[in-house]
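First up is the structure itself, then whatever we jot down about it.
The values are calculated or read from the model by the stated rules, or taken from the named source; none is laboratory data. As the structure is a computational prediction, the values presented were derived from the model and not from experiment. Cβ placement follows ideal geometry from the backbone for every residue including glycine, while neighbour counts extend to all protein chains displayed.
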Amino acid sequence: MRMRRFPTLVDTRVIRPSEAALSLGLVTELELLRLKAIARWYARGLPPDLSWEDLLQEALTRVLVGSRRAAVGVTAVAFLAGVMRSLRSEHWRRIEKGARPRRATADRPRAERASPEVIDWASGPERALLAQDELNAIRRLFAKDPAASIILSGLERGLTAVQIRLAAAMTETEYASARKRMRRLLLREGLTCTPR
Amino acid sequence: MHTKMMGAMRRAATLERVLDALGQELVKSSDEELLQAAMDLGMDVTSKGSAAFIGIKYPATPGFEEFFELPTSRRDPLSAARDALGLPGAPARRRPQRRKSASKTPGKGKTPPRHRRQTK
């Protein structure tokens, strides 16, 4: 008896934007790997309907179709990282816009009726929960490195590199080597394929 | 309520700050650091079928969204209710198309178009 074959979820006849970008020479293989790490990083705290893969492929698509054009002197990685970051913000804006219930015109206060396009960008509890979960996951990532944990808590408070160094009484070399260790850890996490 | 909302906003802003700051670290990272990180994981990125390229050259493992309809991808309940009630603002409903009559003009095999039909 022959087993019934189910159709594959991904159509292999369709060329992926990453493959197209690679073939066209827009990015190298190593740059693509770095972009993967960046995409995985920027996908943190996003709702599950948008994966890191979507972020990366959408950013590459926008560059390939010409809706986003890089400025002269900006590297491909830096530019695509910026596109992914803006896609992230765009996704949140879309969610928040859709989630807000619209009141009938008669119920709206006069000020709101005068400017119907005013949108309340206040974060919902879901976003706060996702953010808290991700912050905890990031803290766990650097938990074994005390210097990195100090730097992370400084970044959370919005401190600059100099302020963190002064607050933690770190030398410039200590700070630089801690940042290097953090970078390596982030790259290692970014290269894996495990769901977070 | 206001305090809760402020707390929620603060947490989201903190995450954004951390992601921005450490995202820049990834942008600035060198090829050597990337290769070193891959070696730590036992990955050979120079080989054709390296696991590092999952999600880039070949698809990643299927996610929830492939099998389930997630709340964020669903239509908002307000417009769904508007559609169901046929209220203004909803896209016009398509009427089911009438079936063409089965009777044929004898001898021709095809019904002539309505505007060309002769009336007696």
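Data for the structure
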quantity: Hits in region A:32-77 - residues which are without any contact (Cβ under 8 Å) to a residue 12 or more places away in the chain and more than 13 Å from the chain's Cα centre (by Cα); calculated: A:ASP49, A:VAL65, A:GLY66, A:SER67, A:ARG69, A:ALA70, A:ALA71, A:VAL72, A:GLY73, A:VAL74, A:THR75
quantity: Qualifying positions in region A:62-86 - assigned to a helix (DSSP H, G or I) and within 14 Å of another protein chain (Cβ to nearest Cβ); calculated: A:ALA76, A:VAL77, A:ALA78, A:PHE79, A:LEU80, A:ALA81, A:GLY82, A:VAL83, A:MET84, A:ARG85, A:SER86
quantity: Qualifying residue in region B:23-40 (condition: buried (at least 17 other Cβ atoms within 10 Å of the Cβ), at the interface with chain A (Cβ under 7 Å from one of its Cβ atoms) and modelled with pLDDT under 90); calculated: no
quantity: Any chance A:ARG179 is in the same structural domain as A:GLU134 (by TED's automatic domain parsing) and within 17 Å of the chain's Cα centre (by Cα); calculated: no
quantity: Unique residue being aliphatic (A, V, I, L, M) and either under 17 Å from the mean Cα position of the chain (by Cα) or within 7 Å of chain B (Cβ to nearest Cβ) (or both) when the list is A:LEU187, A:LEU166; calculated: A:LEU187
quantity: Region B:41-59, residues that are more than 7 Å from chain A (Cβ to nearest Cβ) and over 31 Å from the mean Cα position of the chain (by Cα); calculated: B:GLY42, B:ASP44, B:THR46, B:SER47
quantity: Residue in region A:119-135 that is at pLDDT 90 or above, closer than 28 Å to A:LYS180 by Cβ and not in a helix (DSSP H, G or I) present; calculated: no
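Here is a yes/no grid of residues against (1) surrounded by fewer than 18 Cβ atoms within 10 Å (Cβ to Cβ); (2) at pLDDT below 95; (3) under 24 Å from A:ARG40 (Cα atoms):
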residue: A:GLY158; (1), (2), (3): yes, yes, yes
residue: A:VAL162; (1), (2), (3): yes, yes, no
residue: A:ALA167; (1), (2), (3): yes, yes, no
residue: A:THR171; (1), (2), (3): yes, yes, no
residue: A:LEU191; (1), (2), (3): no, yes, yes
residue: A:PRO195; (1), (2), (3): yes, yes, yes
